[in-house]
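Worksheet for the structure shown next.
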Amino acid sequence: MTQIILNGLFVGSFYALIALGYSMVYGIIKLLNFAHGDIFMFGAYIGMTCLTVIPGIGSLGIGAIAIVLLISALLTGATGVLIETLAYRPLRSAPRLSVLITAVGMSFLLEYGVRQIWGPDPQPWPQAGRLTEAANWPAGLQWGAQRIDILGGSLTGAQLVLMALAVVLMAVLALYIGKTREGRAMRAIALDKRAATLMGINVNATISRVFFIGSALAGVAGVMHGAYYSSITFLMGFLLGLKAFTAAVIGGIGNLYGAMLGGLTLGLLEAFGTAWFGGEWKDVFAFVFLIAFLTLRPTGILGERVVERM
Amino acid sequence: MSWLEVDGVDVFYGRIQALHQLSFVVEEGEIVSLLGNNGAGKSTTLNLVSRIVPASAGRVVWQGDDMARTAAHDLVARGLVQVPEGRRIFSTMTVEENLMLGGYRVRDKKAISQRVDQVYDLMPRLRERRSQEGGTLSGGEQQMLAIGRALIAAPKLLLLDEPSMGLAPLMVKQVMDIIRTVNQRGTTILVVEQNAKAALRIADRAYVLDNGAVTLSGPASQLAGDPRVVEAYLGG
Ligand SMILES: Nc1ncnc2c1ncn2[C@@H]1O[C@H](COP(=O)(O)OP(=O)(O)OP(=O)(O)O)[C@@H](O)[C@H]1O
Ligand SMILES: [Mg+2]
């Protein structure tokens with residue numbers, strides 16, 4: 001039981017990271033960014049490549065994951081900004097459907113671009129960056145691969161560190177959006193772009209910033225995913241994108257706390273579903289909940305609490 | 001040279017021409033009013049100056065500089081701030097946050113909090129409601145908030161789009177008094193109004209706009225007595 005909850009919270013913490021980006025982008029430009037899941041996938045491929053090509057990285061243990069997280073976050077952030085600038089911005093005043101279709105196009109572009117570079121087969125995650133095996137972990141960092149008991153269940157040290165990282169990232173983001181000048185500007189744009197412009201806010205630059213942050217979080221989640229499941233494919237962003245969307249809907253799309261809550265909720269639901277009904281049903285749960293929420297409570301758990309909405 | 005010069009401007013929305021060779025000026029320290037009925041082009045004129053809508057002919061010159069290449073969001077830093085039609089308060093943000101957003105381009109945090117205090121002194125109702133959501137304020141309070149929000153940027157020229165819209169007579173008077181006070185403290189004002197009576201009471205000069213062009217102009221006191229204005233805008 002405890003173990004199921006712990007697994008659910010771990011998986012949920014990176015669903016939450018992806019859902020955050022989804023929700024932020026929706027909040028600020030009302031776009032369901034279908035390419036967001038593929039940014040996550042791209043982040044995983046960047047991570048895998050870094051773990052393979054950077055000399056000596058294999059001996060750094062959890063340090064390797066830290067380096068890879070950083071590189072991946074920066075590159076996926078930049079990719080998100082690029083996509084927004086080139087593909088979405090020119091359509092800022094176009095009908096919503098045009099932008100939506102463009103987002104689907106960007107999703108395909110990322111998927112098949114990655115397939116072109118790394119090939120169609122699933123790629124094994126390099127030993128050096130795995131969370132579940134002790135291979136090559138240097139002295140002093142073995143704790144990263146050891147299981148730590150928590151109330152009768154256990155997680156590896158590295159898993160705990162990554163969960164903590166996700167929590168810290170979300171807390172920092174919540175503070176940034178809620179309390180800083182730039183965060184206020186983002187919320188202002190979400191409410192009224194014209195009025196925001198009249199306040200002197202550079203709307204395009206601020207939207208770019210949102211895409212950077214959201215995409216970087218997805219990149220972080222991509223690395224976490226690879227490190228946990230030990231294998232990645234160029235199509236995995238599709239499913240994860242849908243799950244992040246589900247998490248965002250469960251929490252109330254556009255609502256940041258909702259995205260975090262929705263991600264954790266979905267992780268837990270899946271963990272219990274897997275334990276009770278078997279792993280093959282795992283993905284079905286997500287979509288049952290998506291449909292249930294969309295029909296019964298489309299505003300999500302946190303509903304219309306628009307204060308945190310951005 | 002005038003502070004603000006709008007010179008021979010045409011503005012189109014698609015094939016509809018909203019402004020026809022529009023020209024007017026605003027001098028430092030004045031309150032200038034732009035009067036006109038629905039659809040006369042008043043909002044378009046303010047949005048032209050705020051660089052929200054582009055001119056297809058003519059120029060807008062502010063303090064000697066042609067504004068054609070300045071981005072809308074950079075005008076605040078040049079001292080040009082607009083209070084838009086319908087107030088456009090950030091409805092789910094608090095009064096205080098709305099005011100803080102007015103100071104988005106002000107880097108000096110101390111200056112912002114000083115100005116927030118000044119705004120609260122000028123409009124004590126806002127101080128009482130500082131942590132209330134903007135959208136829950138009454139229409140008059142929202143208008144005050146919209147003006148207060150603009151003042152945090154310490155505008156040189158404040159552009160006001162129908163500040164009296166939808167307000168009860170007593171509230172119209174209060175808002176007009178606030179505008180006059182702001183002007184006396186050194187801010188130049190260009191105020192667009194359908195309520196000619198209220199606007200002419202506080203304005204130094206006025207222009208009457210009809211179908212996107214100036215049809216009459218002169219000192220406010222003189223226009224208030226002009227039979228054409230009386231008939232068309234002051235209810236005979
Ligand atoms: N976004 C737009 N697209 C198309 N036409 C527009 C647009 N905005 C204004 N117009 C047209 O331009 C003309 C001037 O409009 P404007 O809003 O400037 O008038 P106004 O004097 O502010 O009117 P009101 O008193 O009703 O606010 C009108 O004929 C209007 O229909
Ligand atoms: Mg108007």
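Derivation of every value follows stated rules applied to the coordinates shown; laboratory data play no part. What you are looking at is a predicted structure, and each value in this text was computed from that prediction instead of being measured. Don't worry about glycine lacking a Cβ; one is built from the backbone with ideal geometry, like all the others, and counts go over all protein chains shown.
Name the residues in the range B:150-178 that are free of Cβ contacts under 8 Å to residues at least 60 places away in the same chain and within 16 Å of ligand 2 (Cβ to nearest atom), would you?
Scanning the range B:150-178 gives B:S164, B:G166, B:L167.
For the condition small (G, A, S), more than 14 Å from chain A (Cβ to nearest Cβ) and within 16 Å of ligand 2 (Cβ to nearest atom), what is the one hit in B:G58, B:G36, B:G8, B:G29?
Unique residue meeting the criteria: B:G36.
Any residue in the range B:29-46 that is over 12 Å from B:V208 (Cα atoms) sitting within a Cβ distance under 6 Å of a residue that is near ligand 1 (Cβ under 6 Å from one of its atoms) and part of a strand (DSSP E or B)? List the pairs, counting only those 6 or more apart or interchain.
B:T44/B:A18
Name the residues in the range B:127-184 that are within 16 Å of ligand 1 (Cβ to nearest atom) and at positive phi, would you?
Once the filter is applied, which keeps residues that are within 16 Å of ligand 1 (Cβ to nearest atom) and at positive phi, the range B:127-184 yields B:E162, B:G166.
If you go through the range B:64-118, how many residues are polar (S, T, N, Q), buried (at least 17 other Cβ atoms within 10 Å of the Cβ) and either more than 10 Å from chain A (Cβ to nearest Cβ) or part of a helix (DSSP H, G or I) (or both)?
Within the range B:64-118, residues that are polar (S, T, N, Q), buried (at least 17 other Cβ atoms within 10 Å of the Cβ) and either more than 10 Å from chain A (Cβ to nearest Cβ) or part of a helix (DSSP H, G or I) (or both) number 1.
Taking the range B:39-55, which residues are within 16 Å of ligand 2 (Cβ to nearest atom) and more than 14 Å from chain A (Cβ to nearest Cβ)?
Result: B:G39, B:A40, B:G41, B:K42, B:T45.
Looking at the range B:80-91, I want the residues that are among the aromatic types (F, W, Y) and have a partner that is within 16 Å of ligand 2 (Cβ to nearest atom) with Cβ atoms under 8 Å, at least 6 apart or on another chain. Which pairs are those?
That search, which allows pairs on different chains as well, returns B:F90/A:A195.
Within the range B:37-63, can you find the residues that are of a type in the set (A, V, I, L, M, F, W, C) and surrounded by fewer than 17 Cβ atoms within 10 Å (Cβ to Cβ)?
Result: B:A57, single match.
Is the range A:255-269 home to any residue that is within 14 Å of another protein chain (Cβ to nearest Cβ), in contact with a strand residue (DSSP E or B) (Cβ under 8 Å, 6 or more places away or on another chain) and either among the acidic types (D, E) or not in a helix (DSSP H, G or I) (or both)?
Scanning the range A:255-269, I find at least one residue that is within 14 Å of another protein chain (Cβ to nearest Cβ), in contact with a strand residue (DSSP E or B) (Cβ under 8 Å, 6 or more places away or on another chain) and either among the acidic types (D, E) or not in a helix (DSSP H, G or I) (or both), so the answer is yes.
Taking into account only those residues within the range B:41-59 that are more than 16 Å from the chain's Cα centre (by Cα) and closer than 13 Å to B:L22 by Cβ, which is farthest from ligand 1 (Cβ to nearest atom)?
Once the filter is applied, the top-ranked residue is B:R59.
Whether any residue in the range A:290-301 is in contact with a strand residue (DSSP E or B) (Cβ under 8 Å, 6 or more places away or on another chain) and either under 14 Å from A:Y15 (Cβ atoms) or crowded, with 24+ Cβ neighbours inside 10 Å (or both) is what I want to check.
Looking through the range A:290-301, at least one residue is in contact with a strand residue (DSSP E or B) (Cβ under 8 Å, 6 or more places away or on another chain) and either under 14 Å from A:Y15 (Cβ atoms) or crowded, with 24+ Cβ neighbours inside 10 Å (or both).
Answer yes or no: is there a residue in the range A:112-134 that is under 17 Å from A:N33 (Cα atoms) and among the acidic types (D, E).
Scanning the range A:112-134 turns up no residue that is under 17 Å from A:N33 (Cα atoms) and among the acidic types (D, E).
Residues that are within 12 Å of chain B (Cβ to nearest Cβ) and touching a residue at least 40 places away in the same chain (Cβ under 8 Å): which helices (runs of 4 or more DSSP H) entirely in the range A:135-251 hold 1 or more of them?
So the answer is A:157-179, A:181-191, A:203-229.
Going by the structure shown, is A:L302 within 14 Å of chain B (Cβ to nearest Cβ), within 24 Å of A:R184 (Cα to Cα) and in contact (Cβ under 8 Å) with a residue 24 or more places away in the chain?
yes
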